[in-house]
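Q: Quick one: the structure is below, questions incoming.
The values are calculated or read from the model by the stated rules, or taken from the named source; none is laboratory data. Quick caveat, the model's predicted, so the values are computed rather than measured. FYI the Cβ positions are ideal-geometry reconstructions off the backbone, even for glycines, and counts take in every protein chain you see.
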Amino acid sequence: MFPFFSKKNIQKKDKQSFILVLDAGTTGIKAFVFDSSLHMLAKTYERSQKTHPKKGWVEQDPFQMIETCKKVLREVVKKAKVKPSACLGLGITNQRETTIVWNKKTGVPVYPAIVWEDTRTKRECIEIQKRVGDAVIQRTGLPVDSYFSASKIRWILDRAAHAGITRETLICGTVDTWLLWNLCEGHPHLTDETNAARTLLFHIRTRKWDSFLLNLFGIPKEILPKVFPSRHTFGVLKKSVLGFPIPVKAVCGDQQASMYAAMYFSDISHPVTKVTYGTGVFVTQLLGSQYMTHPSFFTTLVPGFHGSLYAFEAKIEGSAKQVDALLIHPKRLRQYFVELAGKVNHLVGLLPIQPQTLVLDGGIVRDGLMAIVQAEISSMPTTLLPTYDGTALGIALLVLDKKSRM
């Protein structure tokens with residue numbers, strides 16, 4: 001049987017204190033309230049809409065994204081009956097790579113958000129990868145691919161130029177940056193290292209926007225946000241959102257946030273290996289402070305207890321839709337879990353250091369069957385986080401500035 005990590009070792013503070021979490025995902029936006037002992041007091045969810053104007057194109061309405069965020073935040077605060085004076089802070093976690101470009105004076109996007117799934121720039125990325133792929137990987141840990149932000153930004157800038165819009169009037173960012181700019185006082189134009197690391201423009205060893213990469217994609221540095229570690233005060237939520245201001249104390253990409261939770265609840269004398277079963281399935285292994293590359297994995301940044309660390313990450317195809325369709329067919333559902341576990345096991349077998357256990361999170365593990373199947377297929381123990389919402393748990397830990405290990 002698989003164990004759940006216990007929260008008993010988390011040092012208790014004033015139980016009236018709470019942490020607010022906003023999780024802006026691809027298929028839906030969630031808000032959470034945790035107390036300072038990491039008990040989830042309330043959760044709200046609103047489904048997100050995507051449009052597909054052409055084959056391979058995936059877009060979202062940036063303004064609808066903002067309104068949905070406001071709605072779930074208001075609902076969760078009302079549901080949890082929290083007092084403004086007891087709020088320790090807000091943490092934001094988000095779908096990564098999705099790109100928005102907007103007018104810095106009017107706040108109006110020049111084009112809808114281009115989602116990470118979008119492949120409209122695939123041909124151009126293949127050509128760049130052939131020419132300078134090795135140089136890009138050494139700087140970013142990533143191949144040149146339409147999955148990441150750089151080619152999306154370039155595509156929008158080119159369309160804006162054709163429409164007579166000058167680049168001097170524009171700024172851009174991933175979803176976290178868009179949320180901060182719209183929801184916080186003073187329109188801060190900021191991002192964190194985990195989101196910057198997924199743009200193909202950020203040198204993950206120097207932790208700076210890279211001139212070679214900016215020139216390669218034809219993107220001016222001036223339109224990019226300032227980068228900070230995930231654990232940082234990014235601004236103050238506008239009073240108009242909830243009726244009281246809240247400091248935004250952490251920002252982190254979704255997979256890296258759940259990895260932080262896995263690290264916190266693991267014995268990190270062994271490489272922490274986490275599998276998230278959500279809209280997609282992600283396998284992530286902590287590397288530590290040593291930069292490495294591997295042909296089967298992306299190298300990315302994750303927040304550590306004392307600064308960002310390196311990790312390997314790989315993605316398997318989307319899984320949530322298939323699971324939803326099979327819920328009324330238990331035998332077929334288990335067979336799908338077996339197939340999915342086999343794909344995860346293949347990736348785990350490619351990792352440079354074989355894990356002693358797999359830490360699991362994501363909606364698919366909520367009833368425990370996926371954890372049992374994965375343990376059987378991998379011949380390895382599996383462990384569940386205290387909540388299957390590992391992303392929210394990780395960002396709550398970052399807001400609390402939890403660094404101590406079990």
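Q: Just name the residue that is nearest to ALA261 (Cα to Cα) out of those in region 203-221 that are assigned to a helix (DSSP H, G or I) and touching a residue at least 40 places away in the same chain (Cβ under 8 Å). Lay out the reasoning, then the answer.
A: So the first thing to find is which residues in region 203-221 are assigned to a helix (DSSP H, G or I), and the list is 211-217, 221.
Restricting the remaining residues to those that are touching a residue at least 40 places away in the same chain (Cβ under 8 Å) gives 212-213, 216-217.
Working: PHE212: 34, LEU213: 32, LEU216: 36, PHE217: 34 Å.
This residue is LEU213.
Q: Please determine whether any residue of region 225-238 is touching a helix residue (DSSP H, G or I) at 6+ places or on another chain (Cβ under 9 Å), without any contact (Cβ under 8 Å) to a residue 40 or more places away in the chain and part of a strand (DSSP E or B).
A: Within region 225-238, one or more residues are touching a helix residue (DSSP H, G or I) at 6+ places or on another chain (Cβ under 9 Å), without any contact (Cβ under 8 Å) to a residue 40 or more places away in the chain and part of a strand (DSSP E or B).
Q: Shifting gears a bit: Give the residue that is nearest to ILE114 (Cα to Cα), with candidates limited to residues of region 47-90 that are of a type in the set (Asp, Glu) and part of a helix (DSSP H, G or I).
A: That would be GLU67.
Q: State yes or no: is GLU117 of a type outside the set (Ser, Thr, Tyr) and surrounded by fewer than 19 Cβ atoms within 10 Å (Cβ to Cβ)?
A: For GLU117, the condition - of a type outside the set (Ser, Thr, Tyr) and surrounded by fewer than 19 Cβ atoms within 10 Å (Cβ to Cβ) - is not met.
Q: Tell me yes or no: at least one residue of region 125-134 is more than 13 Å from THR199 (Cβ to Cβ), under 19 Å from the mean Cα position of the chain (by Cα) and not aromatic (Phe, Trp, Tyr).
A: No, region 125-134 contains no residue that is more than 13 Å from THR199 (Cβ to Cβ), under 19 Å from the mean Cα position of the chain (by Cα) and not aromatic (Phe, Trp, Tyr).
Q: Restricting region 167-201 to residues that are more than 13 Å from the chain's Cα centre (by Cα) and among the acidic types (Asp, Glu), which is modelled with the highest pLDDT?
A: Looking at residues that are more than 13 Å from the chain's Cα centre (by Cα) and among the acidic types (Asp, Glu), I get GLU185.
Q: From the list THR106, THR44, THR119, exactly one residue is hydroxyl-bearing (Ser, Thr, Tyr) and part of a strand (DSSP E or B). Which is it?
A: Result of the check over THR106, THR44, THR119: THR44.
Q: Which one of VAL33, VAL77, VAL82 is under 20 Å from LYS249 (Cβ atoms), in the same structural domain as ALA113 (by TED's automatic domain parsing) and either surrounded by fewer than 22 Cβ atoms within 10 Å (Cβ to Cβ) or modelled with pLDDT under 90 (or both)?
A: Answer to the selection: VAL82.
Q: Can we say LYS130 is charged (D, E, K, R) and in contact (Cβ under 8 Å) with a residue 12 or more places away in the chain?
A: no
Q: Just give me the residues in region 46-71 being of a type in the set (Val, Ile, Thr) and surrounded by 14 or more Cβ atoms within 10 Å (Cβ to Cβ), in sequence order.
A: Step one: of region 46-71, the residues of a type in the set (Val, Ile, Thr) are 51, 58, 66, 68.
Answer for region 46-71, where residues must be of a type in the set (Val, Ile, Thr) and surrounded by 14 or more Cβ atoms within 10 Å (Cβ to Cβ): VAL58, ILE66, THR68.
Q: Could I ask something else about it? Which members of region 349-381 meet the condition of being in contact with a Leu (Cβ under 8 Å, 6 or more places away or on another chain), under 24 Å from CYS252 (Cβ atoms) and not in a helix (DSSP H, G or I)?
A: Of everything in region 349-381, those that are in contact with a Leu (Cβ under 8 Å, 6 or more places away or on another chain), under 24 Å from CYS252 (Cβ atoms) and not in a helix (DSSP H, G or I) turn out to be VAL359, LEU360, ASP361.
Q: Given the structure, is GLN95 touching a residue at least 60 places away in the same chain (Cβ under 8 Å) and out of contact with any strand residue (DSSP E or B) (no Cβ under 6 Å at 6 or more places or on another chain)?
A: Answer is yes for this residue.
Q: Restricting to region 313-331, name every residue that is surrounded by 15 or more Cβ atoms within 10 Å (Cβ to Cβ), modelled with pLDDT of 75 or more and either farther than 15 Å from ASP254 by Cα or of a type in the set (Val, Ile, Thr) (or both).
A: ILE316
Q: Among the residues of region 157-197, write down those that are surrounded by 23 or more Cβ atoms within 10 Å (Cβ to Cβ) and assigned to a helix (DSSP H, G or I).
A: VAL175, ASP176, THR177, TRP178, LEU179, LEU180, LEU183, GLU193, THR194, ASN195, ALA196
Q: Exactly one of these conditions fails for ILE137: (1) surrounded by fewer than 24 Cβ atoms within 10 Å (Cβ to Cβ); (2) among the aliphatic types (A, V, I, L, M); (3) closer than 13 Å to GLY173 by Cα. Give me its number.
A: For ILE137, the exception is condition (3).
Q: Which residue out of VAL251, VAL236 is of a type in the set (Val, Ile, Thr), in contact with a Cys (Cβ under 7 Å, 6 or more places away or on another chain) and farther than 22 Å from LEU358 by Cβ? Explain how you work it out, then say what you get.
A: On the way: VAL251 fails: in contact with a Cys (Cβ under 7 Å, 6 or more places away or on another chain).
The match here is VAL236.
Q: Let me ask you something else. Filtering region 379-406 down to residues that are crowded, with 21+ Cβ neighbours inside 10 Å and among the small types (Gly, Ala, Ser), which residue is modelled with the lowest pLDDT?
A: Filtering region 379-406 for residues that are crowded, with 21+ Cβ neighbours inside 10 Å and among the small types (Gly, Ala, Ser), the one modelled with the lowest pLDDT comes out as GLY390.
Q: Only residues in region 42-56 that are assigned by TED's automatic domain parsing to the domain that holds GLY25 count as the first member; pair them with residues that are outside any strand (DSSP E or B) and among the acidic types (Asp, Glu), Cβ under 6 angstrom, at least 6 apart or cross-chain, and list the lot.
A: Once the first residue is assigned by TED's automatic domain parsing to the domain that holds GLY25 and sits in region 42-56, its partners that are outside any strand (DSSP E or B) and among the acidic types (Asp, Glu) give THR44/GLU75.
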